[in-house]
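The values are calculated or read from the model by the stated rules, or taken from the named source; none is laboratory data. All values reported here derive from a predicted model rather than from experimental measurement. Cβ placement follows ideal geometry from the backbone for every residue including glycine, while neighbour counts extend to all protein chains displayed. These accessible areas exclude ligands, DNA and RNA; they are computed on the full protein's heavy atoms, side chains included. Shrake-Rupley method; radii C 1.70, N 1.55, O 1.52, S 1.80 Å.
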Amino acid sequence: MPESVVTMDGWYCLHDFRTVDWTSWKYASSEERELAISEFQQLIGKWEDTEKSKQGSHALYTVVGQKADFMMMILRPTMEELNEIETAFNKSKLAEFTTKSYSYVSVVELSNYMGNADENDPEIQGRLKPILPKWNHICFYPMDKRRQGNDNWYVLEKDERAKLMYAHGMTGRQYAGKIRQIITGSIGFDDWEWGVTLFAHDVLQFKKLVYEMRFDEVTSRYGDFGSFYIGNLLKTSEVPQFLYV
Ligand code: VOV
């Protein structure tokens, strides 16, 4: 039986996608809209306080295309906190004007394919509990490692998997400074095995990286993908403009 892989797990992660019901939003009174916006900004303010005290992190992006209008990515030490945050949003005024488009539950994960790291190492801690970059663009998609016929990741020996992951890392490293990746594990938590969240200054780098990786064996033979979500940074100060009608 192939040796499994040991993971280090960090903050829990919720990707929460919402769609604005622009019709009912337009019909709302301006007082109601102002209330909804300021309440939402207060929620974000709380998240910012949490981030400053390094008890979690978050990212807010508008989504391009019809899959959603905006997304909230939340990292917290516990699953309970993720639930509290989503419930707080659901109870907010703004939620009355949005519908739920998609969500994804996972946990920040590092594997030991590249060797055993010391979990207490500050650098490792920083990767397990990352402060999300506020870069211009986000790209999120869930993925699996294939389990079909001759292409079954889970029957490969660990050495073989490590070799393929090493090549994967080498491709990724060429994008240092251009793309930051946060890999979250979701086996047992959600419908796919991993969530891939990428941040970039230049949106085109997502296409270049994801395309280049398609030729790595770990992706070409073993990668299966869900839907892709692509977004633009939504600063707290820009929330009123985004919701202005
Ligand atoms: C900036 C790009 C970049 C870089 C540098 C990078 C590096 C690395 C390293 C060194 C490691 C292994 C150690 C660890 O940290 O776990 C990983 C791990 C992983 N990756 Fe990755 N990845 C990137 C980027 C990157 C992308 C774009 C994708 C999506 C795949 C694609 O084809 O669309 C991805 C996926 C993953 C996954 C699903 C895992 C976990 C697999 C498992 O079986 O456990 N990843 N990744």
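Things worth noting here:
- In region 93-121, of all residues being among the polar types (S, T, N, Q) and either open to solvent by 40 Å² or more (accessible area, probe 1.4 Å) or without any contact (Cβ under 8 Å) to a residue 12 or more places away in the chain (or both), the one that is nearest to F40 (Cα to Cα) corresponds to T99.
- For L198: the one exception among (1) near the ligand (Cβ under 9 Å from one of its atoms); (2) more than 28 Å from L234 (Cβ to Cβ): (2)
- Residues located in region 211-240, provided they are basic (K, R) and loosely packed, with under 14 Cβ neighbours inside 10 Å: R214, K235
- If you go through region 144-164 and keep only what is open to solvent by 40 Å² or more (accessible area, probe 1.4 Å), in a helix (DSSP H, G or I) and in contact (Cβ under 8 Å) with a residue 12 or more places away in the chain, you end up with Y154, V155.
- Of all the listed residues (Y113, Y61, Y12, Y104), the sole one being of a type in the set (F, W, Y) and more than 30 Å from E160 (Cα to Cα) is Y61.
- Unmet requirement for L110, which otherwise passes all of (1) within 30 Å of L156 (Cβ to Cβ); (2) of a type in the set (A, V, I, L, M, F, W, C); (3) away from the ligand (no atom under 16 Å from the Cβ): (3)
Yes or no, residue by residue, for (1) more than 8 Å from the ligand (Cβ to nearest atom); (2) open to solvent by 80 Å² or more (accessible area, probe 1.4 Å):
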site: K134; (1), (2): yes, yes
site: C139; (1), (2): yes, no
site: T171; (1), (2): no, no
site: I179; (1), (2): no, no
site: T184; (1), (2): yes, no
site: L209; (1), (2): no, no
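- From L204, L243, residue being open to solvent by less than 30 Å² (accessible area, probe 1.4 Å), over 22 Å from T7 (Cα atoms) and more than 10 Å from the ligand (Cβ to nearest atom): L243
- Flag not set for E119, criterion: acidic (D, E) and in a helix (DSSP H, G or I).
- Checked against the criterion of being in contact with a helix residue (DSSP H, G or I) (Cβ under 9 Å, 6 or more places away or on another chain), assigned to a strand (DSSP E or B) and surrounded by 21 or more Cβ atoms within 10 Å (Cβ to Cβ), region 61-68 contains not a single residue that satisfies it.
- Taken over region 42-56, the criterion of being open to solvent by 60 Å² or more (accessible area, probe 1.4 Å), over 18 Å from the mean Cα position of the chain (by Cα) and within 19 Å of A88 (Cα to Cα) is satisfied by Q42, K46, D49.
- Qualifying residue in region 74-92 (condition: away from the ligand (no atom under 16 Å from the Cβ), assigned to a loop (DSSP other than H, G, I, E, B), modelled with pLDDT of 95 or more and open to solvent by less than 40 Å² (accessible area, probe 1.4 Å)): yes
- Scanning region 7-33 for residues that are under 12 Å from Y244 (Cα atoms) and surrounded by fewer than 14 Cβ atoms within 10 Å (Cβ to Cβ) turns up W22, K26, S30.
- Test result for K134, part of a loop (DSSP other than H, G, I, E, B), charged (D, E, K, R) and under 18 Å from the mean Cα position of the chain (by Cα): yes
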